[in-house]
Amino acid sequence: MKHFLNGIEISPRNREEIGVICDFTGNPDILSVNTDTLVLPREANQLVKQHIQTSGLFVGIPYQIQLDGGINLNYYIDLCDPGSKPVVREHEIEVKIKKAKGLDDFRSKADGTSFDLIVQQKGLNYFDVKRLPYFVVKDNVTEQSLTLSLSLFVMTKEIISAANELAKAYANLLNPSPGGLAVAAANFILALIYFAAILAAAIAYLIQLMKLLFPVKKYLYGCYYKELILKACKFIGYDLQTSIFDTDAGWFVLPVPINRSNPDSIFEKIFGDLGNDFNTGIPTASDSVGLVGQFFDECEKQFNGRFFVIGKDVHFQRRDWLVNTANLVMQPALNLQADRDEALTYNTEDAWRRYYIHYSIDFSDLNTVEGINYQYSDAEYSTENAVAGANVDLVTIKGLNDVPIGLSMGFNKDRLNLIELIGRALAQEWDDLTNVLTFGNGTNYAAQIGSRVDALKLSQQYFSTTKSLYVYNRPNNTVLINQNYDQNNSATALWLKYHYINQIQLNQFEIIENARTRISAQDFVNLQSNNYAFIGNQICEILKMTWIDEKSYCEITYRRPGTWATNRVITEKIN
């Protein structure tokens, strides 16, 4: 094993004891050195100190380990990480290394990058933003219905009254009294002017009333999950591979309606006169996923997934993805060599009594708390004893597996509500009346009200929690909400597609710790990409590995499939 610091071969003081610990259960630091630090004397000490003088602590130093067979492992010295700060002495320096282009590098970059930063450097057009139609449907239906009914009643009554007066004046004009033609003509002209004024005022009033009660469709902007992940990975230097959003493509993020450049105010304009600039379609600091790392965390929770880093490629897949790609064969020895025995334990820490998946509830959008909608927002499952005759007082199934999704659902407006049904009926009468009075050039408000469907339904203009939607494409760069919540994006759908594998009867293992084995340098490299291997004809997951190339020494902790929960527990859906 040879060591190179920024391309110059060096010799750490403790090189014969240096091995690499791979902890595949950690996040993000899956790779570390088995000693507390690398001790770099002489030339290496001077190189690090020169780097600090010229480049400071915020630029890492390339560190390469060269194995037999021409295999190179690329790391870097992170001088700024609080957990790996250098210790500087006169004749030597102590440092720690991190895997270059590994999961720890990927996650540290993601955690330190915001979508605002990406937009600032790449421009808003870097992301393929889609527009989503929406209506604001307030919860004061009774007041709106009363206002609409009274307004239309008064307007209609006045128009009918004016029309009657006009008809009487016209009749008097046709049959004037002796010498009264001039008076009859004047009365007719005045009645006509009054009728026209009443009709014009009524139409102007109705136009404003329609804008207030039934404003036209507006648009917010958002992005597909895959688009956000793909472009964020590209920005921090990785390429994305995922099958989740290839087979389940409709997942869509709708950021909160906050835009610093929006010139409109809901306190100065009625809704119908507002523009479509309330958000940009990209998460900001006001969103629950404003940081790239925050969004990645939510994706892992929501889809029971993991980000796997293989070279420059990032694979976002369900957490069990690597199981079906294992090809390494290992033959570890017994972990109790002195007794010629094997010790094992069980992954009971993964067992649970309750499994609760739930979206965030946004009380600024009352649609998320209505019972008919709320049923889609959470799903609860229970692990129950299946051993016949067991003493219920001795059943020890315990634990809560809580999956709190930091996004809220959104719901489609698929029908007219009460105020709209009343309004459409009254508007149809008004349309008929104006068509008669204007010889076919009347209003068309009934059709306008009837078109208020197939859009996101909000209870007010501003909402506070980023929304997770499932949509499909329409023309003009528009998306609409897919209403099949049960099958697509409900909490129950998440369980059926992604989380069901966490049932303990499907997730039962025997854990063997500190078993010695031999692996080649190439095997070590392969395990960085896929920590599953065949052991005794079973696909086992390597949880931890300590490898010292200088001594051809390897010690692993792994888990193999077990049967200790089979037919002993069942999973029941609570809601």
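The values are calculated or read from the model by the stated rules, or taken from the named source; none is laboratory data. None of these values were measured; they are calculated from a predicted model. Note: ideal-geometry Cβ built from the backbone for every residue, glycine included; neighbour counts use all protein chains shown. The area values use the complete protein model at the heavy-atom level, side chains included, leaving out ligands, DNA and RNA. Shrake-Rupley method; radii C 1.70, N 1.55, O 1.52, S 1.80 Å.
Hey, among the residues in segment 498-553 that are closer than 17 Å to LEU344 by Cα and of a type in the set (S, T, N, Q), which one's farthest from the chain's Cα centre (by Cα)?
Filtering first and then ranking leaves THR517.
Would you confirm whether any residue within segment 110-127 is of a type in the set (Asp, Glu) and either at pLDDT below 80 or on the phi > 0 side of the Ramachandran plot (or both)?
no
Counting only residues that are basic (Lys, Arg) and within 21 Å of the chain's Cα centre (by Cα), how many does segment 439-482 have?
Within segment 439-482, the subset basic (Lys, Arg) is 452, 457, 467, 474.
So of that shortlist, the ones also within 21 Å of the chain's Cα centre (by Cα) come out as 457, 467.
Total satisfying the criteria: 2.
Among the listed residues ILE405, ILE397, ILE361, identify the single one that is under 30 Å from SER451 (Cα atoms) and of a type in the set (A, V, I, L, M, F, W, C).
Criteria check complete, one pass: ILE361.
Among the residues of segment 339-397, how many are of a type in the set (A, V, I, L, M) and open to solvent by 60 Å² or more (accessible area, probe 1.4 Å)?
Narrowing segment 339-397 to residues of a type in the set (A, V, I, L, M): 343-344, 351, 357, 361, 366, 369, 372, 379, 386-388, 390, 392, 394-395, 397.
Then keep just the ones that are open to solvent by 60 Å² or more (accessible area, probe 1.4 Å); that gives 344, 366, 372, 387-388, 392, 394.
Selection size over segment 339-397: 7.
Would you mind finding the one in ASN391, ASN324 that is free of Cβ contacts under 8 Å to residues at least 12 places away in the same chain and under 30 Å from TYR238 (Cβ atoms)?
Sole residue among the options that is free of Cβ contacts under 8 Å to residues at least 12 places away in the same chain and under 30 Å from TYR238 (Cβ atoms): ASN324.
Closer than 30 Å to LEU421 by Cβ, of a type in the set (Gly, Ala, Ser) and surrounded by fewer than 19 Cβ atoms within 10 Å (Cβ to Cβ): which single residue out of ALA162, ALA201, ALA185, ALA197 fits that description?
ALA201
Answer yes or no: is there a residue in segment 482-495 that is small (Gly, Ala, Ser) and surrounded by fewer than 17 Cβ atoms within 10 Å (Cβ to Cβ). Don't jump to the end; show me each part of the working.
Within segment 482-495, the subset small (Gly, Ala, Ser) is 490-491, 493.
The next check asks that each one be surrounded by fewer than 17 Cβ atoms within 10 Å (Cβ to Cβ); those that pass are none.
For segment 482-495, residues small (Gly, Ala, Ser) and surrounded by fewer than 17 Cβ atoms within 10 Å (Cβ to Cβ): absent.
Specify the residue that is farthest from the chain's Cα centre (by Cα); the eligible residues are those in segment 237-256 that are surrounded by fewer than 19 Cβ atoms within 10 Å (Cβ to Cβ) and outside any helix (DSSP H, G or I).
Checked segment 237-256; the qualifying residue farthest from the chain's Cα centre (by Cα) is GLY237.
What are the pairs with Cβ atoms under 6 angstrom where one residue, in segment 1-21, is under 10 Å from ALA44 (Cβ atoms) and the other, located anywhere, is of a type in the set (Gly, Ala, Ser)? Sequence gap at least six, or different chains.
The qualifying pairs are LEU5/ALA44; ILE10/ALA44.
Could you say which residue among VAL436, VAL471 is modelled with pLDDT of 80 or more, open to solvent by 40 Å² or more (accessible area, probe 1.4 Å) and among the β-branched types (Val, Ile, Thr)?
VAL436
Within segment 204-218, which residues are over 20 Å from LEU433 (Cβ atoms) and either of a type in the set (Gly, Ala, Ser) or buried (at least 21 other Cβ atoms within 10 Å of the Cβ) (or both)?
LYS218, the sole residue that qualifies.
Say we look at segment 192-229 and pick out the residues that are of a type in the set (D, E, K, R) and in contact with a Pro (Cβ under 8 Å, 6 or more places away or on another chain); which of these is farthest from PHE295 (Cα to Cα)?
This residue is LYS217.
Suppose we keep only residues that are under 29 Å from ASN567 (Cβ atoms) and among the acidic types (Asp, Glu) within segment 503-523. Which one would you say is least open to solvent (accessible area, probe 1.4 Å)?
Residue satisfying both the conditions and the ranking: GLU510.
Just to check your reading of the model, which residue among TYR346, TYR381, TYR356 is free of Cβ contacts under 8 Å to residues at least 60 places away in the same chain and among the aromatic types (Phe, Trp, Tyr)?
TYR356
Given the conditions (1) within 30 Å of PHE303 (Cβ to Cβ); (2) in a strand (DSSP E or B); (3) open to solvent by 20 Å² or more (accessible area, probe 1.4 Å); (4) β-branched (Val, Ile, Thr), which single one is not true for THR546?
Result: THR546 fails condition (1) only.
In this structure, does ASN567 turn out to be on the phi < 0 side of the Ramachandran plot, outside any strand (DSSP E or B) and open to solvent by 20 Å² or more (accessible area, probe 1.4 Å)?
no
Just name the residue that is modelled with the highest pLDDT out of those in segment 361-382 that are farther than 17 Å from GLN460 by Cβ, assigned to a loop (DSSP other than H, G, I, E, B) and among the polar types (S, T, N, Q).
Checking each candidate, the answer is SER377.
Does LEU230 fit the bill of being touching a residue at least 12 places away in the same chain (Cβ under 8 Å) and either aliphatic (A, V, I, L, M) or in a strand (DSSP E or B) (or both)?
no
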